[in-house]
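The values are calculated or read from the model by the stated rules, or taken from the named source; none is laboratory data. Please read these numbers as outputs of a predicted model, since none were measured by experiment. Quick reminder, even Gly has a Cβ in these numbers, built from the backbone with ideal geometry, and neighbours come from all protein chains shown.
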Amino acid sequence: MISRRLLFTVMIPALVALSTTSASAATLKVVASFTVLADVVRQVGGDHVTVTSLVGPNGDPHEFEPSPSDARNLNAAQVAFVSGEGLEGWMDRLISASGYKGKPIVVSEGIRLRTMDEDGQTVTDPHVWNSPVNVKVWVANIEQALADAAPAHAAVFKTNAEAYLKKLNELDAYAHSKLEKIALDHRKVLTSHDAFGYFGREYGVQFLAPIGVSTESEASAADVAKLIEQIKAEHVKTYFFENSNDPRLVKQIAKATGAAPGGELYVESLSDAKGPASTYEKMFRYNVDQLVAAMAKAS
């Protein structure tokens with residue numbers, strides 16, 4: 001008969017090995033502030049992360065109001081990601097309410113940011129993801145943060161990041177190839193708010209909007225009147241509304257200027273799984289295709 005001491009001697013290393021294996025196999029609990037960022041984190045983390053997006057599909061990250069369940073999700077997270085640059089003005093309040101002890105990773109650090117004047121103040125445009133060139137910076141920051149949190153999986157995160165960077169390069173090339181077929185003076189559209197600045201900078205498209213970089217701001221009657229005159233003077237023929245914003249104002253301006261509807265764009269939020277923009281890759285291609293079709297028709 002095997003002695004009890006010998007049995008323990010055999011079992012303890014096996015249990016330790018099993019515990020180590022289970023720990024290394026465990027997935028990281030990750031929270032991302034909104035759906036676009038959550039998808040990119042999933043692409044880099046792969047099977048080793050479970051990602052919860054605080055703002056849901058078709059949600060507005062500017063006007064988001066966190067719930068108790070969001071506080072619980074953040075408290076349970078091992079890593080939290082935000083885009084930063086003023087997008088998630090509610091995040092500090094949520095951190096305090098949740099008791100989350102970590103410091104969120106700001107994935108937009110390192111991006112060449114746009115600034116503009118709004119009502120006499122210099123503001124930073126937070127909508128960096130509307131250029132895949134910027135999302136490559138996100139990927140590098142996400143990979144580093146995940147590797148720091150789970151060093152055992154660093155090689156996998158690196159492989160996933162490299163594969164996704166190739167997809168981002170393909171998206172960038174796709175947008176250039178499609179948009180460069182449109183004459184530069186026809187690359188003008190009206191949208192709900194100023195969220196496509198990085199897209200416009202990268203691909204030579206002029207976006208006019210009645211509301212600034214945040215949907216929390218309001219357009220004055222004078223601003224709207226000035227925009228209507230600009231649209232008429234520059235012969236902007238197409239308008240788009242956004243999946244996460246109220247379309248009424250942009251439709252009123254379009255009616256006053258004669259601009260025709262171009263459809264819906266996904267700017268700050270993915271669609272649900274059944275929609276046309278359920279991943280960042282699908283969202284970006286969809287927006288390019290919608291814009292190109294409308295501008296080509298208006299040419």
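Of all the residues that make up the range 274-291, how many are touching a residue at least 60 places away in the same chain (Cβ under 8 Å) and farther than 19 Å from Y164 by Cβ?
Residues flagged as touching a residue at least 60 places away in the same chain (Cβ under 8 Å) and farther than 19 Å from Y164 by Cβ within the range 274-291 amount to 3.
Give me the residue from the range 247-268 that is part of a loop (DSSP other than H, G, I, E, B) and in contact with a strand residue (DSSP E or B) (Cβ under 9 Å, 6 or more places away or on another chain) and, out of that set, surrounded by the fewest Cβ atoms within 10 Å (Cβ to Cβ).
Going residue by residue through the range 247-268, those that are part of a loop (DSSP other than H, G, I, E, B) are 247, 258-259, 266-268.
Adding the requirement that they be in contact with a strand residue (DSSP E or B) (Cβ under 9 Å, 6 or more places away or on another chain) leaves 247, 259, 266-268.
Numbers: P247: 16, A259: 24, Y266: 26, V267: 26, E268: 27.
The extreme case among them is P247.
Kindly indicate the residue of the range 57-71 that is loosely packed, with under 13 Cβ neighbours inside 10 Å and part of a helix (DSSP H, G or I) and also farthest from the chain's Cα centre (by Cα) among those meeting that condition. Step through it out loud before you land on a result.
From the range 57-71, those loosely packed, with under 13 Cβ neighbours inside 10 Å are 65, 67-69; that's our starting set.
Of the ones still in play, those that are also part of a helix (DSSP H, G or I) are 68-69.
Details: P68: 23, S69: 21 Å.
Among them, the one singled out is P68.
Listed here are the residues, each with its yes/no results for (1) over 29 Å from Y164 (Cβ atoms); (2) surrounded by fewer than 20 Cβ atoms within 10 Å (Cβ to Cβ).
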position	(1), (2)
H48	no, no
A97	yes, yes
Y100	no, yes
L113	no, yes
M116	yes, yes
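Return the residues of the range 269-281 that are over 22 Å from P126 (Cβ atoms) and either buried (at least 18 other Cβ atoms within 10 Å of the Cβ) or not acidic (D, E) (or both); say none if nothing qualifies.
Just the residues of the range 269-281 that are over 22 Å from P126 (Cβ atoms), to begin with: 272-276, 278.
Those that are over 22 Å from P126 (Cβ atoms) and either buried (at least 18 other Cβ atoms within 10 Å of the Cβ) or not acidic (D, E) (or both): A273, K274, G275, P276, S278.
Could you tell me which residue of the range 134-158 is farthest from L37 (Cα to Cα), considering only residues that are surrounded by 13 or more Cβ atoms within 10 Å (Cβ to Cβ) and free of Cβ contacts under 8 Å to residues at least 40 places away in the same chain?
Kept after step one, since they are surrounded by 13 or more Cβ atoms within 10 Å (Cβ to Cβ), are these residues of the range 134-158: 134-147, 149-150, 152-154, 156-158.
Checking the rest, the ones that are also free of Cβ contacts under 8 Å to residues at least 40 places away in the same chain come to 136-137, 140-141, 144, 147, 154, 158.
Details: K136: 12, V137: 12, A140: 13, N141: 12, Q144: 15, A147: 17, A154: 20, K158: 18 Å.
Applying the filter and picking the extreme gives A154.
Please enumerate the residues belonging to the range 106-117 that are at pLDDT 95 or above, touching a Gly at 6+ places or on another chain (Cβ under 9 Å) and of a type outside the set (S, T, N, Q). Give the steps one after another, and end with the answer.
First, pick out the residues of the range 106-117 that are at pLDDT 95 or above: 106-113.
Still in the running and touching a Gly at 6+ places or on another chain (Cβ under 9 Å): 106-109.
If the condition is that a residue be at pLDDT 95 or above, touching a Gly at 6+ places or on another chain (Cβ under 9 Å) and of a type outside the set (S, T, N, Q), then V106, V107, E109 are the ones that fit.
If a residue counts only when it is of a type in the set (S, T, Y) and under 30 Å from K237 (Cβ atoms), which helices (runs of 4 or more DSSP H) contained entirely in the range 77-191 have at least 2 such residues?
Numbers: elements: 91-98, 132-149, 154-179.
Ranges flagged: 154-179.
Which of the residues belonging to the range 244-272 are of a type in the set (A, V, I, L, M) and in contact (Cβ under 8 Å) with a residue 60 or more places away in the chain?
Within the range 244-272, the first condition is being of a type in the set (A, V, I, L, M), and the residues that meet it are 249-250, 253-254, 256, 259-260, 265, 267, 270.
Scanning the range 244-272 gives V250, I253, A254, A259, L265, V267, L270.
Can you name the condition, by its number, that V267 falls short on among (1) over 14 Å from the mean Cα position of the chain (by Cα); (2) farther than 16 Å from Y174 by Cβ; (3) among the β-branched types (V, I, T)?
Exception for V267: condition (1).
Within the range 259-270, can you find the residues that are farther than 9 Å from S192 by Cβ and either acidic (D, E) or at pLDDT 75 or above (or both)?
So the first thing to find is which residues in the range 259-270 are farther than 9 Å from S192 by Cβ, and the list is 259-264, 266, 268-270.
Scanning the range 259-270 gives A259, A260, G262, G263, E264, Y266, E268, S269, L270.
Considering only the range 256-299, state which residues are under 18 Å from K237 (Cβ atoms) and of a type in the set (K, R).
K297
Restricting to the range 76-90, count the residues that are aromatic (F, W, Y) and buried (at least 20 other Cβ atoms within 10 Å of the Cβ). Step through it out loud before you land on a result.
The first filter runs over the range 76-90 and keeps only residues aromatic (F, W, Y), leaving 81, 90.
Filter once more, keeping what is buried (at least 20 other Cβ atoms within 10 Å of the Cβ): 81.
The total comes to 1.
I'm checking my understanding of the structure. Among residues of the range 120-133 that are within 22 Å of the chain's Cα centre (by Cα) and surrounded by fewer than 18 Cβ atoms within 10 Å (Cβ to Cβ), which one is nearest to L28 (Cα to Cα)? Outline the logic, then answer.
At the first step, the residues of the range 120-133 found to be within 22 Å of the chain's Cα centre (by Cα) are 123-133.
Narrowing further to those that are surrounded by fewer than 18 Cβ atoms within 10 Å (Cβ to Cβ): 124, 133.
Details: T124: 32, V133: 27 Å.
By that ranking, first place goes to V133.
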